[in-house]
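All remarks here apply to the structure that follows.
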């Protein structure tokens with residue numbers, strides 16, 4: 001069935017619930033509201049605000065990426081859209097109870113849990129992960145109280161993806177350059193007093209096998225007062241192939257090598273595997289193994305694991321631990337090769353958590369096409385009327401945050417930020433957000 005044909009067949013309204021409120025959830029909502037009329041879409045999000053990684057993970061010095069929230073807000077203005085924030089499906093509301101009210105359920109919970117390696121010393125104080133650090137400087141409520149050790153002079157980041165370079169760039173950037181971004185105020189104060197001078201990014205493989213994009217390395221090269229040192233022989237920095245991607249990375253390494261600055265230094269190491277975090281009660285260094293059984297010790301006061309993220313299972317649905325995803329065919333959830341009617345998946349939890357964000361749009365469109373093809377069959381399912389689940393949530397003491405509530409929180413953050421010359425001054429807890437809503 002084509003997208004246009006799907007709007008002409010059945011005049012009953014298709015009710016769809018989406019678990020999650022990040023980019024994949026909003027892409028699915030937008031496609032459904034445009035191509036599956038008549039329909040209604042409700043997003044259920046465990047946090048008291050929408051937008052997922054756009055708010056929680058994107059670095060504060062990348063306002064152009066944060067601007068995606070404007071498009072999502074336009075989607076939320078559609079009369080068929082609803083948002084139920086601070087509602088955790090599986091904890092506050094059972095999946096099967098939710099299914100009583102919706103013809104289709106899309107799981108779009110993303111990959112928000114850090115992948116933590118099993119490594120000696122991994123539980124020492126000063127062992128952190130990139131997901132939590134991003135949450136810390138973005139003011140995510142469960143991370144806002146973190147106090148990473150910035151009293152040390154050396155930090156090691158294990159991993160060489162874009163997230164690793166984000167962490168390095170935030171740690172290396174002078175606090176004055178970040179003061180007027182929407183970085184968490186508590187994080188900014190700690191960064192202002194930072195003693196860190198050397199940041200080591202350690203890749204397991206070679207210079208042309210890293211996961212970061214060349215433009216991210218060039219962005220790091222532009223940090224004021226920061227120099228980049230490439231710990232690789234000159235011949236290792238020459239591309240092994242002559243394709244455009246390799247040449248683009250070669251140019252990025254050339255830009256990095258030419259960077260000037262000695263207030264802080266970022267070191268890029270290659271072909272080094274972490275063996276152990278060293279220290280008695282807190283991290284004092286990391287031991288790495290290089291090819292030919294050579295070992296290297298780098299002293300540090302904080303080690304950050306940045307080796308990817310994992311998706312989380314949803315109670316009541318199958319999950320592939322090895323594939324890090326909910327098994328599906330074209331977005332339809334399957335169990336032992338049998339489709340589970342009415343359940344769909346989109347985003348990172350559909351593809352595997354380490355897939356790229358750019359794959360979200362075509363991935364979500366594929367899932368929505370499957371729902372459109374299934375529409376007539378889905379509409380045969382009788383539903384409970386209204387939003388009876390809201391009564392159940394109230395009885396449990398769950399404070400549901402609507403999109404109108406979020407707009408009020410957003411306005412409050414922006415007004416507080418304006419007083420400080422910032423885009424927003426983030427509220428760092430559910431209690432603070434509820435207090436704003438109770439002022440009405």
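Computed from the coordinates by the stated procedures, all read-outs in this text should not be read as laboratory data. Small disclaimer: the values here were computed from a predicted structure and weren't measured. Positions of Cβ are backbone-derived with ideal geometry, glycine not excepted, and every protein chain shown enters the neighbour counts.
Peptides 424-434, 271-281, ordered by how many other C-beta atoms sit within 10 Å of their residues on average, highest first, read 424-434, 271-281. Rg and Dmax over the alpha-carbon atoms of the range 200-329 stand at 18.2, 54 Å.
Relative to the dominant Cα principal axis of the chain, helix 244-257 is inclined by about 50°.
Semi-axes of the equivalent ellipsoid of the range 116-305: what are they in whole Å, largest first, if each equals the square root of 5 times a C-alpha gyration tensor eigenvalue? Present the calculation step by step, with values, prior to reporting the outcome.
Values: eigenvalues 133, 91, 40 Å².
Ellipsoid semi-axes (Å, largest first): 26, 21, 14.
Descending by average beta-carbon neighbour count within 10 Å, the peptides 205-211, 36-42 line up as 36-42, 205-211, the highest first. Rounded to the nearest 10 degrees, the inclination of helix 403-419 to the longest alpha-carbon principal axis of the chain is 30 degrees.
Reducing the range 315-333 and the range 353-405 to their Cα centroids gives an inter-centroid distance of 17 Å.
Given the chain, what percent of its DSSP beta bridges are antiparallel, to the nearest 5?
Numbers: 20 of 64 bridges.
Here the antiparallel bridges make up roughly 30 percent for the chain.
Global dimensions of the chain from alpha-carbon coordinates: Rg and Dmax equal 23.4, 69 Å.
Fewest-first ordering of 83, 295 by other beta carbons within 10 Å of each residue's beta carbon gives 295, 83.
I need the semi-axes of the equivalent ellipsoid of the range 42-129: take the C-alpha gyration tensor, multiply each eigenvalue by 5, square-root it, list largest first in whole angstrom.
Numbers: eigenvalues 180, 95, 18 Å².
Sorted largest first and rounded, they come to 30, 22, 9 Å.
Considering only C-alpha atoms, what is the centroid distance from the range 258-281 to the range 63-82, in Å? After rounding, the separation between the Cα centres reads 39 Å. Comparing the range 28-187 with the 2.2 N^0.38 Å rule of thumb, its C-alpha radius of gyration ratio is 1.24 (two decimals).
Computed from Cα atoms, the angle from the helix 23-35 axis to the main principal axis of the chain rounds to 30 degrees. Sorted ascending by nearby beta carbons within 10 Å, beginning with the fewest, 28, 226, 143 become 143, 226, 28. Over all Cα atoms in the range 122-170, the spread is summed up by Rg and Dmax: 10.8, 28 Å. When each of 195, 269, 78 is scored by the number of other beta-carbon atoms lying within 10 Å, the sequence from fewest to most is 195, 78, 269.
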